[in-house]
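In what follows, a single structure is set out as C-alpha cells and then discussed.
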Amino acid sequence: MRARGAGARRPPPRTGPARPPLRLGSPRRRLRAAVVILCLLLIVLAGRLTQLQAFQASTYARRAEQERLHIAALPAVRGVITDRGGAVLAQDVDARSVYADPRNITDARAVANLLAPILQVPADALVAKFRSSGRFVYLARGLDPAVGATVTKLQLAGIGVLEERRRLYPSGSLASNVVGFTTVGDNDVLVGGGGIEGAYDRVLRGIDGARRVEMDPAGRPIPSAASRESDPVPGSSVRLTLDRDIQWAAQGAIADAVRATQADGGSVVVMVPGSGDILAMADAPDYDPNKIASADPSTLKNRATQDVYEPGSVNKVITMAAAIDRGLISPETPVTVPSSMRIAGQTFMDAEPHGVEHLTAAGVLARSSNLGTIQIASRIGSANLETALRAFGLGSKTGLRFPGESAGILKPSSAWDPQQAATISYGQGMSATAIQMASVYATIANGGVRVAPRLVESTTSPDGAVHTTPRDPGTRVVAASTATTISQMLEAVATDSGTAPLAAIDGYRVAGKTGTAQRLGPSGHYSGYVASFVGFAPADQPRVVVEVVLDNPRDGHFGGTVAAPVFQKVMTFALATLAVPPPGTTAPRFVLDRDARR
C-alpha cells in the first residue's frame, strides 16, 4: 500500500438520500387548535354555569343559607305553681346559655382560660368541649343574664349566647314531694319530671317560639341580614290547695321526728274533711328541686301516695264502724278479751301482755285490743268486712290523680284464710297508703260521707281564664249517726285512758287512733315497725284531719309515743293558722273497762 503524501487526493464523499430542507410550523394551525380547545373549555364552563344557575341554583342557595342560618328556640314561659294563697312554689326566670362552634375556635386553650372564671367551669372541661366534632356544643346553661352579657362583650369567634328559661323553686325543698321538678328534654324544652310538674306538664309548658338568624363564618350574627321570629305562647299557671305555712310546719315536724327516732322516713298529710282539700303533704327526707342533679334518687317520690304499709290499729276504726252501722254493737257492748287466742293453729296476743279483761267496744278501740277487734270482726263476717274496707276506699286509688299513686293491696275476702281474716280486722295482712288512711278518717269526720282528696284548686290560662277543679260531691259510706258514735269513741284514745294522751291539745276535743304495725322489709319478711297516728279536731265540729306515719323508727316504735306528738304539733299549728276557735264543749264519756266500773 502506498502511503499518502501531502499532495494526495481525498476520497470523494459518500452519497445517500437527500434530506428535505427544514421548515417553520404553520401559525394558523396552532391558532386553530388553541381556538378549538378554548371553545371546548368555554362550552364546558357555560354548561356548568347553566347547570348551577338554571338547574341547581335553589339547591346551592339552600346549602348556603343552611351554612349561614341559625334557628334559636324562644322558650315559652312555663306557668307558675302556687299555694292556695298565691305564694309562688315554682316559677320560670330569665337565663342565658353559652355555646361554642368548635370549628371557629382557633386557640382553644386561650378561649377556655378566658371563659372559665366567667362561666365557673374548669378550663380543661371547656377545652374538651372545643374538641368535639359538631358545630354546636353547650358550654354552660341556666346562667344569670348578666353572665351572658359579659360573654357577649368579649366578641369571641365561635362563642355565642342564647336566651333561655330556668325553673326556680323560691322555697327550696318546701313541698318538693308535691310540686316535683323539671329536667331538660328534647329541643331543650323544660319537662316536668315528677309531682305536679309532671302531672300537669302539658298545662304548664306552653308553646315555644323560634328566631331565625344568619351568621357569618365566625359564628357572629350578620347585622344586615333579615331575621324572622315567632312568638312563644306562655303556659298556664296551677294553684294548689296546699297552705304554705301548714306545709312548712308539717315538713319541719316530720323531719324532726325522723331524726329523733332514727326512722327510715316519714310522711304527714293534712286534709280538710268536708272538701277533701289537702293543706299539706310532707315527706322526710326531702330534696331541693333547684339542685335536682345532686338529689338522692330515693327521695324523688311522694311517700304519702306511693309507699304502702300495713296500717295496723288505725284500721280498727273501719271494723268498728262496720259493726255499729249494721247494729251489731254499741260503744258499751261488753267484750271479754282473753290473754291470747288460738286461730287455725296460730296464737294471737295483744301488744301488751294481760290477763282476761272485761272491756266494752269503746274500750277495745281506746286500748287498741287486737283480740277484742277480732271478736267484733267475727260478728261482721269476712265478706261484709271486705265491703266496708272497700267502701272506705281501701284497695283502690283515692281519686287524687297524683302520679305514681298506689292503690294498696286488699285481697278479696274469698281468698282470706282464718288467720288473715283475723289480722285484716286490725290492719295487718293488707296494705294502704297514708293518703288512703287520711281519707278514711276524713270520712268519719265528714259525717260518714267519703270525699275524694283534692290537690289542685284551679288552673289559669294565659288569657286569664280560671278553670276550677271540681270537688267530689261525695259518697255516703256509713250513717251520720255511726260516724258521730265512732268520733266520740275515738276521743277516748287521746286521753290518759287511751293509747295516745300525747296527742291531746289544750282546749280542743281530739279524736284519733294510734297504729303500730309490723313492717314488711325488702326481703319479704317482717322487720321493724311502722308507727302512725291519724285523727281530727275539733272532734265535735271537725275542721282538719292529720295523718302521721313513721317508717321503721328505731328509737321507740309505738304510734302513741313517736307519731302522736307529731300529730299534736302539726294539728296545733293548723288550728291556729286556720283560726279555729276551741269548741267549748265536753266530750262524752263511755265505759271502757267493765272491771274498773265495779
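The values are calculated or read from the model by the stated rules, or taken from the named source; none is laboratory data. All values derive from a computational prediction rather than experimental measurement. As a convention, Cβ positions derive from the backbone with ideal geometry for all residues, glycine included, and neighbour counts pool all protein chains shown. Side chains are part of the model used for accessible areas, which takes the heavy atoms of the whole protein and leaves out ligands, DNA and RNA. Shrake-Rupley method; radii C 1.70, N 1.55, O 1.52, S 1.80 Å.
The figures follow:
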| quantity | calculated |
| --- | --- |
| Of all residues in the range 567-593 being touching a strand residue (DSSP E or B) at 6+ places or on another chain (Cβ under 7 Å) and open to solvent by 40 Å² or more (accessible area, probe 1.4 Å), the one that is nearest to A511 (Cα to Cα) | Q568 |
| Selection count, the range 415-428, where residues are surrounded by fewer than 21 Cβ atoms within 10 Å (Cβ to Cβ), out of contact with any strand residue (DSSP E or B) (no Cβ under 9 Å at 6 or more places or on another chain), in contact (Cβ under 8 Å) with a residue 12 or more places away in the chain and of a type outside the set (D, E, K, R) | 1 |
| Boolean, D286 is of a type in the set (D, E, K, R) and in contact (Cβ under 8 Å) with a residue 60 or more places away in the chain | yes |
| Selection within the range 122-136 - at pLDDT 90 or above and either under 31 Å from the mean Cα position of the chain (by Cα) or not β-branched (V, I, T) (or both) | P122, A123, D124, A125, L126, A128, K129, F130 |
| Qualifying residue in the range 370-379 (condition: farther than 22 Å from F533 by Cβ and without any contact (Cβ under 8 Å) to a residue 12 or more places away in the chain) | yes |
| Members of the range 501-537 found to be buried (at least 20 other Cβ atoms within 10 Å of the Cβ) and among the β-branched types (V, I, T), listed by number | V510, T514, T516, V530, V534 |
| Criterion (surrounded by 18 or more Cβ atoms within 10 Å (Cβ to Cβ) and either under 23 Å from A531 (Cβ atoms) or touching a Gly at 6+ places or on another chain (Cβ under 8 Å) (or both)) met by exactly one of I409, I435 | I435 |
| Subset of the range 538-559 [in contact with a helix residue (DSSP H, G or I) (Cβ under 6 Å, 6 or more places away or on another chain) and surrounded by fewer than 18 Cβ atoms within 10 Å (Cβ to Cβ)] | D555, G556 |
| Residue list for the range 135-153, restricted to those being in contact with a helix residue (DSSP H, G or I) (Cβ under 7 Å, 6 or more places away or on another chain) and more than 20 Å from R167 (Cα to Cα) | R135, V137, T150, V151 |
| Output for the range 508-531, where each listed residue is assigned to a loop (DSSP other than H, G, I, E, B) and at pLDDT below 95 | G521, P522, S523, G524, H525 |
| Failed item in (1) modelled with pLDDT of 85 or more; (2) over 30 Å from Y169 (Cα atoms), with V93 passing the rest | (2) |
| All strands (runs of 3 or more DSSP E) inside the range 281-385 with 1 or more residues being crowded, with 21+ Cβ neighbours inside 10 Å and either over 44 Å from the mean Cα position of the chain (by Cα) or of a type in the set (F, W, Y) (or both) | 334-337, 357-360 |
| Some residue of the range 483-502 being of a type in the set (D, E, K, R) and without any contact (Cβ under 8 Å) to a residue 12 or more places away in the chain | yes |
| Selected residue [loosely packed, with under 15 Cβ neighbours inside 10 Å and not aliphatic (A, V, I, L, M)] from D124, D201, D101, D208 | D124 |
| Yes/no for I118 being over 30 Å from M281 (Cβ atoms) and in contact with a helix residue (DSSP H, G or I) (Cβ under 7 Å, 6 or more places away or on another chain) | yes |
| Filter pass, A539 being at pLDDT 95 or above, over 29 Å from the mean Cα position of the chain (by Cα) and either of a type outside the set (D, E, K, R) or in a loop (DSSP other than H, G, I, E, B) (or both) | yes |
| Pairs, first crowded, with 17+ Cβ neighbours inside 10 Å in the range 71-92, second modelled with pLDDT of 90 or more and of a type in the set (F, W, Y), C-beta under 8 Å, six or more apart | L89/Y169; A90/Y169 |
| Qualifying residue in the range 184-192 (condition: open to solvent by 50 Å² or more (accessible area, probe 1.4 Å), assigned to a loop (DSSP other than H, G, I, E, B) and touching a residue at least 40 places away in the same chain (Cβ under 8 Å)) | no |
| Restricting the range 152-167 to residues that are surrounded by 15 or more Cβ atoms within 10 Å (Cβ to Cβ) and modelled with pLDDT of 90 or more, the residue that is nearest to the chain's Cα centre (by Cα) | R167 |
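Residue-by-condition table, conditions (1) open to solvent by less than 30 Å² (accessible area, probe 1.4 Å); (2) more than 15 Å from F392 (Cβ to Cβ); (3) part of a loop (DSSP other than H, G, I, E, B); (4) in contact with a Phe, Trp or Tyr (Cβ under 7 Å, 6 or more places away or on another chain):
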site	(1), (2), (3), (4)
A442	yes, no, no, no
T459	yes, yes, no, no
D463	no, yes, yes, no
H467	no, yes, no, no
D472	no, no, yes, no
G498	yes, yes, yes, no
